[in-house]
1. Filter the range 141-174 down to residues that are acidic (Asp, Glu) and part of a helix (DSSP H, G or I) and give me whichever is farthest from Cys75 (Cα to Cα).
2. Considering the range 32-41 alone, what residues qualify as being among the small types (Gly, Ala, Ser) and in a strand (DSSP E or B)?
3. If we scan the range 118-135, do we find a residue that is surrounded by fewer than 24 Cβ atoms within 10 Å (Cβ to Cβ), in contact with a strand residue (DSSP E or B) (Cβ under 8 Å, 6 or more places away or on another chain) and among the polar types (S, T, N, Q)?
4. For the range 128-142, does any single residue satisfy the condition of being of a type in the set (A, V, I, L, M, F, W, C) and in contact (Cβ under 8 Å) with a residue 40 or more places away in the chain?
5. Here is a check on your reading of the model: is Leu217 crowded, with 20+ Cβ neighbours inside 10 Å and within 21 Å of the chain's Cα centre (by Cα)?
6. Going by the structure shown, is Thr187 touching a helix residue (DSSP H, G or I) at 6+ places or on another chain (Cβ under 8 Å) and part of a loop (DSSP other than H, G, I, E, B)?
7. So if I check each of Glu244, Glu229, Glu223, Glu267, which one is open to solvent by 90 Å² or more (accessible area, probe 1.4 Å), assigned to a helix (DSSP H, G or I), touching a residue at least 24 places away in the same chain (Cβ under 8 Å) and acidic (Asp, Glu)?
8. Can you find, within the range 178-205, the residue that is most open to solvent (accessible area, probe 1.4 Å) among those that are within 16 Å of Val20 (Cα to Cα) and hydrophobic (A, V, I, L, M, F, W, C)?
Amino acid sequence: MMQKDAPIGVFDSGVGGLTVVREIIRQLPSENIVYFGDTARVPYGTKSRDTIINYSEQIVHFLKTKQVKAIVVACNTATSYALDVLKEKLDIPIIGVVRPGAVTAVNATRNKRIGIIATEGTVGSGIYPKVIHEYNPEIQVVQKACPLLVSLVEEGWTDDPVTDEVARRYLKSLQASEVDTLVLGCTHYPLLRKAIGRLVGDGVTLVNPAYETACSLRELLKEEGIYRESGEPSYSFFVSDGAERFSNFANSILPVDLVPTRLVPIENY
């Protein structure tokens, strides 16, 4: 049986996956975490399926050197393109961020109109409509790629008039479609939740897949008998570029003190 004390591996294209880490820390406070942010190759949303699969496989190889007991693909684009491929090759549990958010949206909508904002890659994959329609084929799904939002979050412009204006333009078509539920389909977007909520109004339910993924992870670990219920947790952070900048950003959003972030030559994996 896998050791309960082994860490959970989490990866993303950059800093967005820290929103998933934040929820895991809050909801699974005793779990050890190893995080990798592919900051040298961000964003993933504009890259091809084959490239994203290749990147994801390299990162998983790295995480396995840390003896992780489970992996969370904390990136909607990587979940869309690489999750099924990774599942076939791994002998440990792995989950993505799409299904937990999609299921919550299905349960939340009242008028059967769900909006998805995501990267071009996630929208192009069609994974959110596919999963949503598995649960209710009558739901109308309206998608909008919002590529600039990732760069604005990476710049730290989460509370800036420029970001508000960009988001307003992206959200216009969704509002015209009268969606009553909006999935923040990129792990960067929960960091803009306040601005997005202000723009769409109280009548639209915002779904944060990061929160739902942490809930799903807890259930998965319990089912596998590897849930760590007590003990002091440890957190390790690795990136492919810009370690100091990453640390500064992580310190601003995580509820714990951040240990030093280390660089990894991820292409070697």
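The values are calculated or read from the model by the stated rules, or taken from the named source; none is laboratory data. Keep in mind the model is a prediction, meaning the values are calculated, not measured. Glycine gets a Cβ as well: all are built from the backbone with ideal geometry, and neighbour counts include every protein chain shown. Ligands, DNA and RNA are excluded from the accessible area calculation, which covers all protein heavy atoms including side chains. Shrake-Rupley method; radii C 1.70, N 1.55, O 1.52, S 1.80 Å.
1. First, pick out the residues of the range 141-174 that are acidic (Asp, Glu): 154-155, 159-160, 164-165.
Remaining after also requiring part of a helix (DSSP H, G or I): 154, 164-165.
Details: Glu154: 14, Asp164: 23, Glu165: 25 Å.
My answer is Glu165.
2. Taking the range 32-41 and keeping what is among the small types (Gly, Ala, Ser), we get 37, 40.
Within the range 32-41, Gly37 is the sole residue that qualifies.
3. There is no residue in the range 118-135 that is surrounded by fewer than 24 Cβ atoms within 10 Å (Cβ to Cβ), in contact with a strand residue (DSSP E or B) (Cβ under 8 Å, 6 or more places away or on another chain) and among the polar types (S, T, N, Q).
4. The first filter runs over the range 128-142 and keeps only residues of a type in the set (A, V, I, L, M, F, W, C), leaving 131-132, 139, 141-142.
From what is left, the residues that are in contact (Cβ under 8 Å) with a residue 40 or more places away in the chain are none.
So far as the range 128-142 goes, no, none of its residues is of a type in the set (A, V, I, L, M, F, W, C) and in contact (Cβ under 8 Å) with a residue 40 or more places away in the chain.
5. On the way: crowded, with 20+ Cβ neighbours inside 10 Å: yes; within 21 Å of the chain's Cα centre (by Cα): yes.
In short, yes.
6. Working: touching a helix residue (DSSP H, G or I) at 6+ places or on another chain (Cβ under 8 Å): yes; part of a loop (DSSP other than H, G, I, E, B): yes.
The answer is yes for Thr187.
7. Details: Glu244 fails: touching a residue at least 24 places away in the same chain (Cβ under 8 Å); Glu229 fails: assigned to a helix (DSSP H, G or I); Glu223 fails: touching a residue at least 24 places away in the same chain (Cβ under 8 Å).
Only one candidate passes the filter, namely Glu267.
8. Let us first name the residues in the range 178-205 that are within 16 Å of Val20 (Cα to Cα), namely 183-193.
Right, trim to hydrophobic (A, V, I, L, M, F, W, C) and you get 183-184, 186, 191-192.
Values: Val183: 0, Leu184: 1, Cys186: 11, Leu191: 29, Leu192: 3 Å².
Among those residues, the one meeting the criterion is Leu191.
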